[in-house]
1. Inspect segment 84-105 for any residue being touching a helix residue (DSSP H, G or I) at 6+ places or on another chain (Cβ under 8 Å) and either at pLDDT 85 or above or more than 30 Å from Val208 (Cβ to Cβ) (or both) and give the result as yes or no.
2. In contact with a strand residue (DSSP E or B) (Cβ under 6 Å, 6 or more places away or on another chain) and surrounded by 14 or more Cβ atoms within 10 Å (Cβ to Cβ): is that true of Arg155 in this structure?
3. When only residues in segment 11-25 that are out of contact with any Pro (no Cβ under 6 Å at 6 or more places or on another chain) and under 23 Å from Gln110 (Cβ atoms) count, which is modelled with the highest pLDDT?
4. Do we find a residue being modelled with pLDDT under 65 and crowded, with 18+ Cβ neighbours inside 10 Å anywhere in segment 39-51?
5. Among (1) surrounded by 17 or more Cβ atoms within 10 Å (Cβ to Cβ); (2) touching a Leu at 6+ places or on another chain (Cβ under 7 Å), where does Met130 come up short?
6. If we keep just the residues of segment 52-80 that are among the small types (Gly, Ala, Ser) and more than 15 Å from Ala188 (Cβ to Cβ), which is surrounded by the most Cβ atoms within 10 Å (Cβ to Cβ)?
Amino acid sequence: MKPRLIAPALMSVALSACSVVGIRSGTPEPKYRVIGTVGAVQIRQYAPRIAAETTVHGSVYHARSQGFRRLAGYIFGGNRTRAKIAMTAPVAQASDAPSEKIAMTAPVDQSQSGPDAWTIRFYMPAGYTMETLPVPNDSKVHLVTVPAEDYAALRFSGVPNQTSVAREQARLLAALKSSAWTPAGEPAAWFYDPPWTLPFLRRNEAVVKVTRAGATPG
C-alpha cells in the first residue's frame with residue numbers, strides 16, 4: 001500500500017467501527033433550521049418539542065451522571081406502560097406489555113437551574129404528544145413542553161468536563177458580543193454521544209437561547 005493511502009484506509013476502518021467506539025447511529029434530533037452564523041457559531045431556530053427532564057443537586061458531573069440514570073430509567077421501561085425508548089434505535093418492550101417502540105432523540109441537555117442545581121433533559125421523538133407519551137413512574141421525572149426557540153450553538157469535541165464546558169461557553173458568549181444576537185438566558189451544554197465514544201469523535205455543544213439584538217426575549 002502506498003504511504004499516502006494509509007491514512008484514508010485507517011479512517012475508513014475507524015468509521016466502520018462506529019458502533020464499537022460509541023458513535024451515535026441514526027439518532028434523530030429535534031427539528032431546527034439554521035438562520036444565521038457568527039463565525040463557528042450556528043444560530044438555530046427550533047420547533048416546539050417535548051422533553052423528559054429532572055433536576056439534580058450537586059457538582060456538574062455528578063448531576064449529569066445521576067440525571068442521566070434517572071431519565072434512562074424512564075426511557076428503558078420506568079413508566080406506566082413499560083414502553084422502552086432506545087438511545088440509538090427502537091427497542092421492543094417487554095412481552096407482557098402492549099407492543100410499542102419509541103426512538104429517543106439527541107442531545108442530552110444540561111443547564112444550571114440554581115446554586116448547585118442542574119436540569120437534565122432528554123428530548124422526545126417528533127410525532128408524540130403529552131397525551132401519547134408514557135407517564136414516568138419516578139415523580140422526579142417530568143414531561144415538559146419546550147416552546148419554539150432560537151439558540152446559538154458552538155460545537156466542540158473531547159471529554160466534556162466542567163473546565164472544557166465553561167471554556168466553550170465563554171467562547172460562545174464572546175462571539176455573540178459583536179453580533180446581531182443577544183443571549184436570552186444562561187448558557188447550557190448539549191451532549192450527543194455515549195461516554196465510551198472516542199474523545200476526538202465526540203459532539204458536544206455550548207448553547208444559549210438568543211434573540212435578535214433589540215428584540216424582546218420570548
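1. yes
2. Working: in contact with a strand residue (DSSP E or B) (Cβ under 6 Å, 6 or more places away or on another chain): yes; surrounded by 14 or more Cβ atoms within 10 Å (Cβ to Cβ): yes.
Judged against the criteria, Arg155 is a match.
3. If we filter segment 11-25 for residues that are out of contact with any Pro (no Cβ under 6 Å at 6 or more places or on another chain), which is where we start, we get 11-21, 23-25.
Those still in the list that are under 23 Å from Gln110 (Cβ atoms) too: 21, 23-25.
Details: Val21: 50, Ile23: 49, Arg24: 59, Ser25: 55.
The qualifying residue modelled with the highest pLDDT is Arg24.
4. Going residue by residue through segment 39-51, those that are modelled with pLDDT under 65 are none.
Checked segment 39-51: no residue is modelled with pLDDT under 65 and crowded, with 18+ Cβ neighbours inside 10 Å.
5. Tallying (1) surrounded by 17 or more Cβ atoms within 10 Å (Cβ to Cβ); (2) touching a Leu at 6+ places or on another chain (Cβ under 7 Å), Met130 fails exactly one: (1).
6. Of the residues in segment 52-80, the ones among the small types (Gly, Ala, Ser) are 52, 58-59, 63, 65, 67, 72-73, 77-78.
Filter once more, keeping what is more than 15 Å from Ala188 (Cβ to Cβ): 52, 58-59, 65, 72-73, 77-78.
On the way: Ala52: 24, Gly58: 14, Ser59: 12, Ser65: 15, Ala72: 16, Gly73: 17, Gly77: 18, Gly78: 18.
Result: Ala52.
The values are calculated or read from the model by the stated rules, or taken from the named source; none is laboratory data. Predicted, not measured: the structure shown is a model, and the values here were computed from it. Reconstructed Cβ throughout: ideal geometry from the backbone, glycine too, with neighbour counts over all protein chains shown.
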